[in-house]
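For reference, the structure discussed in these notes is given below.
Only the coordinates and a few stated rules stand behind these numbers; no lab work does. Please read all numbers here as calculations on a predicted model, not as lab measurements. All Cβ positions, glycine included, derive from the backbone under ideal geometry; neighbour counts span all protein chains shown.
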């Protein structure tokens with residue numbers, strides 16, 4: 001593959017990730033509404049830790065894990081911010 005072909009493939013993946021991100025943030029907003037209605041806090045440390053542990057096993061790549069973990073932590077942060085939106 002040449003550089004342009006590789007970039008095109010990255011662009012396609014980025015487009016897929018964008019659509020998944022939009023869907024995830026919409027679900028996060030809905031979760032925030034449910035949590036508020038139930039009087040629950042936005043942050044759930046046990047849930048985040050459990051998700052990280054599951055994803056580490058599923059990723060099964062110790063070299064990629066630190067980067068993927070950082071990606072997930074940022075995603076969790078953004079999701080919590082979005083859950084505060086009405």
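What the table below lists for this structure:
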| item | result |
| --- | --- |
| Angle in degrees between helix 65-83 and the longest Cα principal axis of the chain, rounded to the nearest 10 | 40 |
| Estimated FRET transfer efficiency (residue 65, residue 44; beta-carbon r; R0 22 Å; 0.05) | 0.50 |
| For the chain: Kirkwood Rh in Å [reciprocal of mean 1/r, alpha carbons] | 14.9 |
| Degrees separating the helix 3-38 axis from the principal Cα axis of the chain, which is the longest one | 10 |
| Per-residue [θ]222 nm for the chain (sum of -39500 (n - 2.57) over DSSP H runs n ≥ 4, rounded to 500) | -28500 deg cm²/dmol |
| 0 to 90° range, to nearest 10: angle between helix 45-59 axis and the chain longest Cα axis | 20 |
| Fewest-first ranking of 1, 25, 17, using other Cβ atoms within 10 Å as the exposure measure | 1, 17, 25 |
